[in-house]
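Computed from the coordinates by the stated procedures, all read-outs in this text should not be read as laboratory data. Here the structure is a predicted model, which is why all the values come from computation and not from measurement. Don't worry about glycine lacking a Cβ; one is built from the backbone with ideal geometry, like all the others, and counts go over all protein chains shown.
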Amino acid sequence: MKIFGEHQENTLRQFHDVASRAERAALMADGHVGFTMPIGGVTAYRDHVSVVGVGFDVGCGNCAIRTDLRVQDLTKDLALDEIRRNPHRLISDRRANRVADEVANTISFGLGRRNDADDAPVDDPLFNDPAWYAIPNTGGYRDTLRDKARRQLGTVGSGNHYVDVFADENGAVWVGVHFGSRGFGHTVASDFLSLSQGGAWGERGREKEVLLDVRQPVGHDYWHLMELAGRYAYAGREWVARKVVELLGGTEVELVHNHHNFAWREMHVGPEGEPVEYVVVRKGATPAFPGQLGFIGGSMGDDAVIVRGATADPGSEVARTQREALFSTVHGAGRVMSRTEAAGKRTRRGMVKSHGKIQPRMVEEWLGKKGVILRGGGLDEAPQVYRRLNRVLEAQGPTIEVLHVLQPLVVVMAGAGEIDPYKD
C-alpha cells in the first residue's frame, strides 16, 4: 500500500476500507473523499472489478492538444511575457474575449447538445458495437439509452468539467478538456450496481462497493460496456478539443489523452516478484507508465501540466515507488473544500439555505491576478477550493517528469445554475 502526500482522516479511512478488499492499493496526492472509494485511489484485483471504484462518470479523463498557434494569434499582438507582467491586459483584450465567447457559444455545457455545433460524430462505429446487446431492449430500454448517448456526445457537462485554452512556457497555444461518458456511463454504472445487488435494469442500487467477477456473465457484460463507455468518452473529448482548435483557426500538432475513471487489465509484479495480471481500477488517477504522457489540470485559476512517466533504473527507489503506485499519478489538484462548503446551499427555487465560504469577489480577484478570462463556472469550482497543483506534483516525487507548464488564458465551464446529474 502506497500513500502520497497528506490527507484528511475521512479520506484515509475510506482508502483503508477499500484497500482491505484489494490485492494492491495506492492513494495519489490529490486524494479526497468520493463515493465509497476516494478520488485519487488506485486498486488492483484478480479477475474482479469494482463498479463504484470506476465510478459513475465512467471514462472521465483529460485531453490536451498542442496547436501550431502562438499567444499573439489569440490576442491583439500581446506576447506571453507581457501577459505575465500585467495579467489585466489579457482580461481586457477584445480578441481574446471573442475567443472565449465563441467557445462558450459553440460547445455545449450541461445537458444536451444545444449550442452552435451540430457536427458531433453521432454515427461513430461505437454505436454499432456488439456490447450494446448486453443491454435488454424491453420497453425500448437499449434504444432509448443509445439515443440519449447520441444526443449527449460532444457535450461537456458541468461541475469541474471544462474547456481551457492555455499557453505553455514557449508561448505555444494548447486546448485542454475534461469530462467523461455523460449519461451513458452514468446509466451503465447505475444498472450494474443494481444488478449486483439483486435489482433490475433501470434501477439504481445502494452506493456500496461490489466486486464483479469479470469471468462471470454480469462482470463480463459490465466490462465490455465499461470499455464501450470509455470509447464514447474518448470520442467526445477528442471531438470537443478538435472543434475548439478549429474555432481558434489552428492545426493539431500533438495529442495527449488519458482516462482517470476506468479499469484496465495490466501486468504488474506480484507478491513473490512474479508477473501477475491484475484488474487495475483508477478513480481520479492517471496512468503513468514510463514514457507515457499525461495532461493534468489544476483549477480555473491555476496552471496545468503535461507530464511523462519517469524512466528509471529497475532497481532504483523511483522505480520501486512507481511499482507501488501501480504506475499511476494524480489527475488534478484535488479538492480541499466540498461544493456545499464552498458555495453554500440553495433551495430549488434559488433561496439561500446556507452561505458558503467563497464569495464572487474572491474569485474575481484571483483570476484578475492570474489574467484568466472566465465564462461560466460556479463558486464551487473556485481556485480556493483546490490544492495548488505544484504542491501535489511535488508530493508525487520523481515518478513523473513535467514537460510543459500550461498557463490558462481562457476557461469555459457550465454556469453556476446549470443542472446536470452527470457531473461527478
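Before moving on, here are some points about what is shown:
- Helix 141-152 and the longest principal axis of the Cα set of the chain meet at an angle near 20°.
- Added length on full extension, which subtracts the Cα-Cα distance from 0.36 nm per residue, Met267 to Gln216: 16.2 nm
- Neighbours of Ile65, meaning other residues whose beta-carbon lies under 9 angstrom from its beta-carbon, give a summed charge of -1 when Lys and Arg score +1 and Asp and Glu score -1.
- Between 0 and 90°, nearest 10: helix 182-195 axis offset from the chain longest Cα axis: 20
- Cβ-based net charge around Ala342, under 12 Å, with every Lys or Arg adding one and every Asp or Glu removing one: +1
- Under 25 Å from the Cα of Lys208 - lysines, other chains or at least 8 residues apart: Lys2, Lys283, Lys423
- The stretch between Glu365 and Gln197 holds 55.6 nm of extra length on full extension. This uses 0.36 nm per residue minus the Cα-Cα distance.
- Here is the list for region 192-280: trypsin sites (Lys or Arg not before Pro) lying in DSSP coil, each with at most 12 other C-beta atoms within 10 angstrom of its C-beta, are Arg206, Lys208, Arg215.
- Value of D in µm² per second that Stokes-Einstein yields for region 147-234, Kirkwood Rh from Cα pairs, at 37 °C (0.692 mPa s): 218
- Under the simplified labelling scheme, the Asp313-Glu9 pair shows an inter-label distance of 4.3 nm, with each label point 7 Å from Cα along Cα→Cβ.
- Between the beta carbons of Asp143 and Val276, assuming R0 = 25 Å, the FRET efficiency works out to 0.05 to the nearest 0.05.
- If you take all other residues with their beta carbon under 9 Å from the beta carbon of Leu389, and give Lys and Arg +1 and Asp and Glu -1, the sum is 0.
- Considering every alpha-carbon pair of region 34-160, the percent of pairs per 5 Å bin, from zero through the bin containing the longest distance, is 2, 8, 11, 13, 14, 14, 13, 9, 7, 5, 3, 1, 0.
- Between 0 and 90°, nearest 10: helix 94-106 axis offset from the chain longest Cα axis: 30
- Low-density loop positions, trypsin sites (Lys or Arg not before Pro), region 275-321 - DSSP coil, at most 16 other Cβ in 10 Å: none
- Qualifying trypsin sites (Lys or Arg not before Pro) in region 107-158, DSSP loop, other Cβ atoms within 10 Å at most 13: Arg114
- Amide hydrogen neighbours beyond the local backbone of Gly415, cut-off 5 Å, H modeled: Gly377
- Relative contact order, percent, region 2-413 [alpha-carbon distance under 8 Å, six or more residues apart]: 25
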